[in-house]
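These notes concern the structure reproduced below.
Computed from the coordinates by the stated procedures, all read-outs in this text should not be read as laboratory data. These numbers come from a predicted model, not from an experiment. Every residue, glycine as well, gets a Cβ built from its backbone with ideal geometry; the counts of neighbours run over all protein chains shown.
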Amino acid sequence: MYKNLRGRPGVALAAAAVAQFVFALDMSVVNVALPVIRTALGFAPLDLSWIVHGYALTFGGLLLLGGRACDLYGHRRLLMGGLAFFGLCSLAGGLAQAPWQLIAARAGQGLGAAAAAPAALGMLMSVFPEGPRRVRALGVWSAVNAAGGALGVLAGGLLTEYAGWRWVMLVNLPIVAAALVLVMAVGTAGARTGRRERLDVLGAVLATGGVGLLVFGVVRTDTRGWASPATVATLVAAAALLAAFAFVESRAAEPLLRLGLLRSRWVAGANLLVFLAAAGQFAAAYFVSLYMQQVLGLGAATTGAAFLPFSASLVAGTVLATRVTAARTPRAALVPGALLAAVGLAWFACISPGGSFLTDVLGPCLVTGVGVGLVLAPVAAAATAGVASGEAGMASGLFNSSRQLGGCVGLAALATVAALRTGPATDPAALNGGYALSLAVASCLFVLAAVVAIGVLPRSRAAVPDSQPIAVTTNRPEGTL
């Protein structure tokens with residue numbers, strides 16, 4: 001495997017953080033601009049959602065492949081290549097003249113992000129040995145990641161209103177350029193040692209197809225419904241491909257995802273927890289944004305600015321979580337964080353048609369932000385606890401896949417919940433009822449996340465020796481590396 005990357009750890013952290021910021025930003029920056037984009041490029045109503053779905057589909061579907069590829073070919077190489085491709089697709093999207101061009105550019109952005117996101121996290125694991133320094137680094141990475149998603153709403157509103165919709169794509173270019181400069185300053189990958197491993201092609205096809213179909217089936221429920229034959233057939237096909245993937249990986253000499261990783265309570269618990277937390281967080285941000293615009297009547301730029309208190313409290317929660325995790329364990333921050341986020345979302349569920357930002361949004365924003373910050377920083381540390389450096393990308397790809405799938409599934413499921421409550425009505429009171437119910441369900445998801453943290457994650461780090469492989473058994477034949 002590759003030796004640790006050379007270079008200053010602070011530069012590596014800055015490179016990974018800036019890269020993750022632009023990927024998180026792109027998850028939300030386009031949303032506010034969708035109505036303007038529809039008019040400007042002549043999108044059909046049913047095609048408009050593919051501006052969002054195209055990115056989610058390739059990003060979520062290719063993360064496992066990207067994670068393993070960075071283990072085999074180098075974190076720095078995949079990070080630079082993914083960033084460069086992401087930047088080129090951002091430029092293409094900003095210059096798009098037809099709907100298919102913008103959708104293709106968004107899909108290309110997802111492909112670049114799928115290569116670079118696990119590489120960024122894997123690079124941090126290579127540069128920072130397990131312990132307090134890694135916890136602090138992952139805390140910074142998590143805070144920047146969450147801030148990127150939250151600030152995307154603000155940036156999208158301001159850019160759309162004052163600069164034009166094309167800048168929600170073009171704004172990525174200077175950020176990508178800064179990330180590339182930082183990555184180049186990190187240094188080069190060390191020499192490769194041992195036998196050269198091959199990419200698990202069959203596993204890659206099955207994983208990409210299975211995860212891609214799962215994301216595809218879920219994101220189309222906004223137009224086809226969960227019970228439609230097309231949705232059911234897609235989800236059944238996804239389950240079949242993922243089951244075949246698990247079977248193949250259990251027998252592969254050089255697997256895309258070593259199933260032994262999931263025997264670790266840290267890795268399994270953290271991935272389940274981040275799935276639930278992402279489902280609740282993504283959906284909550286979506287419905288709070290809709291509440292402010294559709295019920296309170298705020299403009300796009302004002303709505304984006306209203307998320308600033310959430311971003312500030314989230315950073316505060318991340319700083320606190322980093323200190324707690326460094327002194328104790330990820331579990332010590334995850335349990336209170338998930339419960340605090342649940343309280344904040346339950347408070348959000350009390351929104352009313354006659355409310356205001358000060359009475360219905362500000363307080364829940366602050367409480368939820370601290371709680372989410374307490375969850376995001378330590379869950380990344382838990383998901384990589386005890387993982388060998390040669391499998392850093394594999395663990396990172398799995399973690400990012402769990403978060404991406406959680407966000408897609410959670411948003412689609414809670415959108416259905418809101419639609420069932422609202423029905424055909426479009427008045428503010430009816431919409432408020434649907435949003436409130438979905439926020440209450442999002443609160444329950446964080447309660448479940450707390451239960452997972454209590455019941456699955458070990459109480460101490462002693463359960464996983466520092467910097468050691470999680471499982472000593474492998475699926476490789478004797479005599480192989």
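Run the numbers for Arg263 and Tyr162: contour at 0.36 nm per residue of separation, minus the present Cα-Cα distance, in nm.
31.2 nm
Around Val36, under 14 Å between beta carbons, what's the net of Lys plus Arg minus Asp minus Glu among the other residues?
Combined, the nearby Lys, Arg, Asp and Glu give +1.
Would you mind giving the three semi-axes, in whole Å and largest first, of the ellipsoid equivalent to the range 100-149 according to its Cα gyration tensor?
29, 13, 4
Report the gain in length on full extension from Ala185 to Thr359: 0.36 nm times residue separation, minus Cα-Cα distance, nm rounded to one decimal.
That pair, Ala185 and Thr359, stretches by 57.9 nm at full extension.
Along the range 295-302, what does the Karplus equation 6.51 cos²θ - 1.76 cosθ + 1.60 (θ = phi - 60°) give for ³J(HN,Hα), rounded to whole Hz, x for Gly and Pro?
Rounded to whole hertz, the list is 9, 7, x, 7, x, 4, 5, 5.
How much length is gained on full extension from Ala230 to Phe247, taking 0.36 nm per residue of separation minus their Cα-Cα distance?
3.5 nm
Taking the square root of 5 times each eigenvalue of the Cα gyration tensor, what semi-axes in Å does the equivalent ellipsoid of the range 203-260 have, largest first?
27, 9, 7
Using only the Cα atoms of the range 95-217, what are the Rg and Dmax in Å?
Every Cα atom of the range 95-217 included, Rg and Dmax give 18.3, 55 Å.
How high is the relative contact order of the chain? Use alpha-carbon pairs under 8 Å, at least six apart in sequence, and give a whole percent.
Relative CO of the chain lands at 23 percent.
Using the C-alpha gyration tensor of the chain, what are the square roots of 5 times its eigenvalues, in whole angstrom, with the largest one first?
34, 25, 22
Compute the angle between helix 75-94 and the longest alpha-carbon principal axis of the chain, please, reported from 0 to 90 degrees and rounded to the nearest 10.
Long axis of 75-94 versus the principal axis of the chain: about 30 degrees.
Placing +1 at every Lys and Arg Cβ and -1 at every Asp and Glu Cβ, with all other atoms neutral, what dipole size does the range 259-409 have around its Cα centre, in debye to the nearest 20?
Around 420 debye, computed over the range 259-409.
Once both labels are modelled 7 Å past Cα along the beta-carbon direction, what's the Gln97-Leu202 spacing in nm?
Once both label points are built, they end up 4.7 nm from each other.
Taking a temperature of 25 °C and a viscosity of 0.890 mPa s, what whole-number D in µm²/s does Stokes-Einstein yield for the range 1-104 with Rh from Kirkwood over alpha carbon pairs?
157 µm²/s
With everything on Cα atoms, drop me the angle between helix 330-348 and the longest principal axis of the chain, reported from 0 to 90° to the nearest 10.
Result, in degrees: 10.
Measure off 7 Å from each Cα along the Cα-to-Cβ vector at Ala425 and Arg459, then give the distance between these two points in nanometres to one decimal.
5.0 nm
In the range 10-70, how does Rg compare with the Kirkwood Rh, expressed as the Rg/Rh ratio over alpha carbon atoms?
Radius of gyration relative to Kirkwood radius: 1.11.
Summing -39500 (n - 2.57) over the DSSP H runs of n ≥ 4 in the chain and dividing by its residue number, what mean residue ellipticity at 222 nm do you reach, to the nearest 500 deg cm²/dmol?
-25000 deg cm²/dmol
Any idea what angle helix 229-249 forms with the longest principal axis of the chain, computed on alpha-carbon atoms, 0 to 90 degrees, nearest 10?
So the helix axis and the longest Cα principal axis differ by about 20 degrees.
Would you mind pulling out the separation of the Cα centroids of the range 133-155 and the range 302-317, in Å?
First find each Cα centre; the distance between them is then 12 Å.
Once Lys and Arg get +1 and Asp and Glu get -1 on their Cβ, which of Leu170, Leu213, Asn271 lies farthest toward the positive end of the dipole of the chain?
Asn271
Tell me the relative contact order for the range 260-360 as a rounded percent, counting alpha carbon contacts under 8 Å between residues six or more apart.
Reported as a whole number, the value is 24 percent.
Restricting attention to the alpha-carbon atoms of the range 343-436, what are Rg (one decimal) and Dmax (integer), both in Å?
In order Rg, Dmax, the Cα atoms of the range 343-436 give 18.1, 55 Å.
Could you derive backbone 3J(HN,Hα) for the range 315-326 from the dihedral phi with the Karplus parameters 6.51, -1.76 and 1.60 (θ = phi - 60°), listing whole Hz in sequence and x where the residue is Gly or Pro?
Whole-Hz 3J(HN,Hα) from phi for the range 315-326: 4, 4, x, 5, 4, 5, 5, 4, 5, 5, 5, 5.
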